[in-house]
Structures are given as C-alpha cells and as structure tokens.
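K.L.:
This is the structure I want to talk about, given as structure tokens.
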C-alpha cells in the first residue's frame, strides 16, 4: 500500500521539487483560505472523531488535543501563513568553490523527496507538517492516529484541493490509512520508497518508530531539562524562569524537571524557590537539604530517588538539589539529563562559559526559560518537531532541516589522474 | 567492554572538545612525524599481519589493501598534514539572530563526542579516520578487521603517544579489539555510549552495520553510477570521461557501471565507445542495438539483463544502452541507479538543466568523470567516507560533516508568555 502511495508521490514530487517559491506560497495561501472557508466541514468531521473517542473512553487531555474549534482552525491557518512568509529553503547554495583543475563545485539544497510523519491525536500536526513539507519541496505521507481519522481525512482533502487549484499535483499530500497498526510498520520498512520518517508524539511512539524503522528517521522528544541557579545568579530573574520552565506547559519536552542550586545561595534561594513551586502546586522531590528546607516551611517534599532524577515528569513535579559548585551541577546534568535543553541563571561570564563548555545539549539557555527551545519561538515559523539526536538536525526543525543537498560539479572534460 | 572504552573516551573528550586549533594541529603534526620516525615498527607489525593473512588464504587483492610500505606510510602522514592545514570546524557560528524579545540566538558547531568506525583491511583508514575525528574534536573508537590487528595496534599506539606529547589525553583514540565479531555488535548496540558509527568497506559490511545498529549511523557506499552522453555532447570529452569513470579504479563506489547514449549520436559514438571499452578490456553488456553494434565490430557483448542494469560491478564490466532522449536516460537512472553520482556529457545548457532537474543524486557531474565524487579531489582533505544517504551528510564527508551543533540562547530573564 505504501508502494502505491510512494509511486504517485514520486510523480507528483517531480513537479513540486522544481516549483517556484511563488507557486508554493500560492498553494499555502490557498490552503489557509480553504481551511477557513470550509471550517464547518472540518468541525463536523472533528465532532465525529471527538464523539467516537469519548465512547471509546479516551482521556480528557487527549480529547482536548483532538478537539478543533474556530479559534484553533484560525490558528492553524495563521501558522501556514507564517511558513508562507519564510524564504524558500530550496536551491540555496551552501558551499561553492573552483578547484585548481578548473572543476566548479556547488552544493545546493534540494528536497528529501518523500517524508513520512507518524503522529498522535492532534490534527493540527496534519496541516503544520504538510505545509512545512510543501514549502521545502517534499511530498508528505501523513500517518495520524485513528482517533483523528475523520478530521485528518477532511484536512488532507482540503489541502489536496488547494494545491491542485494552483497547479501542483494533489499527490504531494497523502494520508496513510490509520485503520490498523500495519500501515505504520509498512511505512517504517519502506526502504527506497520513503526518504525519511519523523515521529511526533509520546516517548513510547518515538521509541517504537526509531527502533523499528529500516528507513532513516529523526528522533524527537525526551527532555529531562535542568535549571541551574549559580551563586552569581540574579534571583529576581531565577524565580520567574524556574516557574515558567516548570509550569507554563509541563507536558512538553522543553519543560524543566530538575532545579539545581549552588550551595552559596541556597540559604536565600532555596526557600524562595520551594515556596513559589508549592504555590504553583508543584510536587517536590529533593535531596536531604531541600527536603529539610521544605519541612521548615511546612511544605511537603519527598526524598528524590535515582529514578526521580532521570524522570521526564510531564506534569507538575520537580526535583530539587543543592550542589557544591558548577562542576557538580554539570556532572549531575551529564548523568541524568537527555541533552535537550539546559539553563543557567548567572551574571558571571566565567560561570556561564564553564557551564556551556561542560554541556552536550541541543540548546543552552543563559538567563532564559527552557521553554524557548521551540521552532516558532526561535523564528523558524511552525516546527515539524524538535530533534533530540546529533545527526542531521539538533533542536527545533523547520524548513531548512527538511532539505538535503546535491553537489553539482561542472567541468570541461576533466578526468582523474 | 565498549562501556569502559566509552567512559574513558568521555573523560578524554571533555579536554579535546575545547582544545584550540593550535593544540589539535600540533597533535596531528606529532602523529605525522611519529609515523615516519617509527616506520620500522609499523612495517614489522604489518609484515606479521600480511604473513598471517597469507597462511589464512586471503585473496591477493585484500593482501594488497592490507600491505604497508615506506611510500604508503609517507602518503598516510601526508594525508594527516592535509587535515592539519584545514580550518578548525569547531566553534563555527552557523546561524545567529536576535529575536524581538531580546533573546540572542547562536547556533555553533560542536563535536559529536564519540564516533565509532567499523572498517575492513586497509590500515590507512585507522590513521585517516583518527586524524579527521581528532581535528573535529571527536574521540575515535576504531574497530578495524582482525587481518590488520597488529598494524592497527601499532598505529593506534603511535597516535596515542603523539597526542599525549602535546597534552591531549591518549584515550581520545582507542582501538576496539577485533578478536571476535561480538565487539562490532556491542559497538552497534551502545546507545548513549557512542554518538555515531560509520561503516567503511564492502556493501555487505555497510548493510550489516546499518541494519543491526541501535546507534546513529551514516550509510556509505553503493554506487551504480551512470555516464549519459547527450546528443549535444562533445565526443572528444565523452570518450576519456567514459574510460576514466569506468576504468581508473573500478573497485570504488564512484566508478561508472552503465553508459547511456542519446540515439541521435549513437551512430558515431556507440562504435567509438565500444572499441575504447574493449581496448581497455572491459566486458560489455548491452541493449540489442549495442550488442548488434559490438558484433559488427567483432567485439563480444552479451544482452544485459535486469540484474545487469542494477549491478555495482566493481570490476571491468559495463552496461551500454541507447536511449531515445534525455527523459528516457533519466528514467533509466531513476529505475536502476543508487543516487550516488550521475554524469552528463553535453554542451547544451538546456539539456544539462533538464538532467540536473531529473536527478536525485549526491553528486551530478557535468562534462567530468564520476570519479571526482571524492573528499580529497573536492578539497575536503582526506575523507572519512562518502555518504549515500540523504540525512546529515550527502556525498564525501570531511571535517565539517563530523560536527553537530548547539543553540546558545542568551537572555536577560526572558520567560514564555
């Protein structure tokens, strides 16, 4: 089944790969307009998904992610227009040189070709991913979850109609049936038929995709992020950064899971932090000093276990530890972290430099919230995911990350000696 | 076992990651000097490998790859000095911007950390890989073949002594024992302990590594490369390019396997090409027209099968086909090629553009030999391999390809709204 989808995508992709920016932008605009014009169709299909999911006993938090409304649809259309406003990532010359033998070398960006997405309930991913892939000249094979089947179907149909209206073949955007699990397996085994598969969703989904895939994948997710408050940290900055990093959206990968405090400022900052976390209804796990300090304030705190230190909570829970110095903080992060996003709060340039040098992370935040590791916040437009691997892309992935390159070597008859 | 190697590499790597260019270059120079000073030790160890391999009945072509001599050692030292002369790939700012909220973003290159190499007989890879990885701030875990065990051991010892002499810890370069196959498996399963594994060798070795690995890998190899001679091709260029592409070193991935000729010039070029190939002792497989033309010239040629068109010969054999036009040539290449290197011989800019647009290759050669897809030829210094995948790196991989990035985000207390 993937073979048939891939073959029609290859044909359509041959047109898309060489579409001009104007054509691709016109397609995206047509998608944005159609999403709003056909809102009632989308809401009807989504309502069907929501009702079916409720009878299947899906959790209210998943129902929330699945549900669309006028505001959310406007948000999705607005996201598409942000991508439209960005430069074309295709045809960019990355390196260029002329060799002594007269050969002219040019490395230019080209699309991957066919990119598969495997993702969970949220139907906005259907449009976000398709639009990013469209603008980067790639065909999209979208495998959403069965709970969003009707929503995804209408969204894909709307997008296919829209691209056709500006002369791009419909098959650049295709839905992979979500009726059973075998379509995921087939997609992950489709060597030569699919150029890349990106998983987006729970840690379990990502693990399955990466482990099972015979095609190239980009691993997203898994963030055990830390906020380290240095002895020279400005506590007036540290407190809001801590609360924002932990509480603003605890379910996502760039939320903080552990607070590390330099022992020299623990006397002042530890009680402040514990009180603020408790006020924000965050459950506290701590080392002995933190647990004792919490007890003094009448705040409940349990002694953190090895498991606590390495857990990505995804909810309002945090670990707190007092460290001797920056080296101990760095050693803790290297032991328990996932190299996603690590923050330091310090006004001391030497401490900041030492922290940066000891990290091995996709992003390092200096006096800023861990929550900023995000494509939209970082000016990429919508993102297709946050890579937590070191090859190809690291951190938020936008248009540029959805390209590969070709070397074009121009000669006048050169041969190798 | 890999765990122990990885742990000592992590410690050593913390020093190497922040070494200055001067320090890394001094280490490389020390390696180059020591290789020549300790030539007799290397030759003695290599002689032991060669003699043992001969008694084990290893083929003469493998013996040739295994054998070192004074010239080859000087060549390896010279290769190291080429890497030394190249700029430091670490700490390069790839993107930089200040956001409206005042956050300053900087994406800088950093080393992967620990890179494993799995490779076959040639002991020069031991030094080439270690030096590229050293200059790019990475620790090397080198898993060569058992046939080169003694040579690899002395080469690694020489390099370890050399780096120590300039203050870099020895454990940035480590040999993985080649005594049995289990060390390869262990390396490929070492998630979290090894950041990347690169296979270099036969198609079978590469396939095994990519299929078995739980760690990130970069796929190298597999080249079914084509030379297409267009109706507007300059035949005086076409003939030497054809012979160079096929014959200069048939065993490598950038050698050509198939010649495609536009029907309009087949009358003149087909006999020229068949005669030149036959003179160069190349076995010919062809379509009906080519086989008939060969017969007319008294040259042996067999009818090419489906299998022929998709075979990477690696020896002096070639497929020849006359095509109606550039579109048919492109369709043939898309069907049977491996997206490695494709050459067009043409003086017509429109044909060249059409060819480029229809290819999906790591490299496209215009009026030049396919043999130029090579790191050293393209000015990368020595190469660590040629990537034939689309993610991370495509085509020859040198220093730049052995880096990843970190986003450094500097704020003044920013939080997300």
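The values are calculated or read from the model by the stated rules, or taken from the named source; none is laboratory data. Predicted model, so just to flag it, every value in this text is computed and none were measured. Note that each Cβ is placed from the backbone with ideal geometry, even for glycine, and that neighbours are counted across all protein chains shown.
K.L.:
Can residue B:130 be described as in a helix (DSSP H, G or I), crowded, with 20+ Cβ neighbours inside 10 Å, touching a helix residue (DSSP H, G or I) at 6+ places or on another chain (Cβ under 8 Å) and in the same structural domain as residue B:26 (by TED's automatic domain parsing)?
P.N.:
So residue B:130 passes the test.
K.L.:
Same structure, new question: Scanning for something within 22 Å of residue B:132 (Cβ to Cβ) and either touching a strand residue (DSSP E or B) at 6+ places or on another chain (Cβ under 8 Å) or exposed (fewer than 14 other Cβ atoms within 10 Å of the Cβ) (or both), does the range B:61-72 turn up at least one residue?
P.N.:
yes
K.L.:
Looking at (1) in contact with a strand residue (DSSP E or B) (Cβ under 6 Å, 6 or more places away or on another chain); (2) under 23 Å from residue A:112 (Cα atoms); (3) at pLDDT below 95, which is the only condition residue B:338 fails?
P.N.:
So the condition that residue B:338 fails would be (1).
K.L.:
Okay, moving on. Taking residue A:93 and the conditions (1) surrounded by 14 or more Cβ atoms within 10 Å (Cβ to Cβ); (2) over 23 Å from the mean Cα position of the chain (by Cα); (3) within 30 Å of residue B:370 (Cβ to Cβ), which numbered condition does it fall short on, given that it satisfies the others?
P.N.:
Status for residue A:93: all satisfied but (1).
K.L.:
Taking residue A:268 as the residue in question, decide whether it is within 16 Å of residue A:368 (Cβ to Cβ) and assigned by TED's automatic domain parsing to the domain that holds residue A:368.
P.N.:
So residue A:268 does not fit the description; no.
K.L.:
If you don't mind, another one. Restricting attention to the range A:247-284, report how many residues are within 11 Å of another protein chain (Cβ to nearest Cβ) and outside any loop (DSSP other than H, G, I, E, B).
P.N.:
1
K.L.:
Looking at the range B:168-185 only, could you name the residues that are more than 15 Å from residue B:139 (Cα to Cα) and more than 24 Å from the chain's Cα centre (by Cα)?
P.N.:
B:179, B:180, B:182
K.L.:
In the range B:140-220, which helices (runs of 4 or more DSSP H) lie fully inside it and hold 2 or more residues that are at pLDDT below 95 and within 14 Å of another protein chain (Cβ to nearest Cβ)?
P.N.:
Result: B:203-212.
K.L.:
Same structure, new question: Hey, does the range B:288-304 have a residue that's in contact (Cβ under 8 Å) with a residue 60 or more places away in the chain and more than 14 Å from every other protein chain (Cβ to nearest Cβ)?
P.N.:
No, the range B:288-304 contains no residue that is in contact (Cβ under 8 Å) with a residue 60 or more places away in the chain and more than 14 Å from every other protein chain (Cβ to nearest Cβ).
K.L.:
Across the range A:4-28, what is the number of residues that are out of contact with any helix residue (DSSP H, G or I) (no Cβ under 6 Å at 6 or more places or on another chain) and either farther than 17 Å from residue A:140 by Cβ or within 14 Å of chain B (Cβ to nearest Cβ) (or both)?
P.N.:
13
K.L.:
Looking at A:345, A:415, A:366, can you tell me which residue is at the interface with another protein chain (Cβ under 9 Å from one of its Cβ atoms), within 26 Å of residue A:271 (Cα to Cα) and more than 22 Å from the chain's Cα centre (by Cα)?
P.N.:
When all the criteria are applied, what remains is A:345.
K.L.:
Which number in (1) at pLDDT below 95; (2) facing chain A (nearest Cβ under 8 Å) marks the one condition that residue B:406 misses?
P.N.:
Of everything listed in (1) at pLDDT below 95; (2) facing chain A (nearest Cβ under 8 Å), residue B:406 misses just condition (1).
K.L.:
Can you pull out the residues in the range B:266-285 that are under 18 Å from residue A:416 (Cα atoms) and crowded, with 16+ Cβ neighbours inside 10 Å?
P.N.:
Passing the criteria: B:276, B:277.
K.L.:
Which of the residues spanning the range A:107-126 are within 20 Å of the chain's Cα centre (by Cα) and more than 17 Å from residue A:216 (Cα to Cα)?
P.N.:
Result: A:120, A:121, A:122, A:123, A:124, A:125, A:126.
K.L.:
Turning to a different aspect of this structure: Take the range B:381-403 and flag every residue that is within 7 Å of chain A (Cβ to nearest Cβ) and touching a strand residue (DSSP E or B) at 6+ places or on another chain (Cβ under 6 Å).
P.N.:
Those that are within 7 Å of chain A (Cβ to nearest Cβ) and touching a strand residue (DSSP E or B) at 6+ places or on another chain (Cβ under 6 Å): B:390, B:394, B:395.
A quick yes/no check of all residues on (1) in contact (Cβ under 8 Å) with a residue 24 or more places away in the chain; (2) surrounded by fewer than 19 Cβ atoms within 10 Å (Cβ to Cβ):
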position: A:203; (1), (2): yes, yes
position: A:206; (1), (2): no, no
position: A:209; (1), (2): yes, no
position: A:223; (1), (2): yes, no
position: A:230; (1), (2): yes, no
position: A:239; (1), (2): yes, no
position: A:242; (1), (2): yes, no
position: A:264; (1), (2): yes, yes
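K.L.:
Still on this structure, please answer the following. Determine, yes or no, whether residue A:195 is in contact with a strand residue (DSSP E or B) (Cβ under 6 Å, 6 or more places away or on another chain), crowded, with 18+ Cβ neighbours inside 10 Å, over 25 Å from residue A:252 (Cβ atoms) and in contact (Cβ under 8 Å) with a residue 40 or more places away in the chain.
P.N.:
In short, yes.
K.L.:
Let me ask you something else. Looking only at the range B:331-341, filter to residues that are at the interface with chain A (Cβ under 10 Å from one of its Cβ atoms) and in contact (Cβ under 8 Å) with a residue 40 or more places away in the chain; which one of those is surrounded by the fewest Cβ atoms within 10 Å (Cβ to Cβ)?
P.N.:
B:338
K.L.:
Determine which member of the set B:348, B:367, B:357 is touching a helix residue (DSSP H, G or I) at 6+ places or on another chain (Cβ under 7 Å) and either over 30 Å from residue B:133 (Cα atoms) or surrounded by fewer than 23 Cβ atoms within 10 Å (Cβ to Cβ) (or both).
P.N.:
Sole residue among the options that is touching a helix residue (DSSP H, G or I) at 6+ places or on another chain (Cβ under 7 Å) and either over 30 Å from residue B:133 (Cα atoms) or surrounded by fewer than 23 Cβ atoms within 10 Å (Cβ to Cβ) (or both): B:367.
K.L.:
Conditions first: (1) more than 8 Å from chain A (Cβ to nearest Cβ); (2) within 26 Å of residue B:403 (Cβ to Cβ); (3) at pLDDT below 95. Residue B:377 passes all but one, so which condition is the exception?
P.N.:
The single condition residue B:377 does not satisfy is (1).
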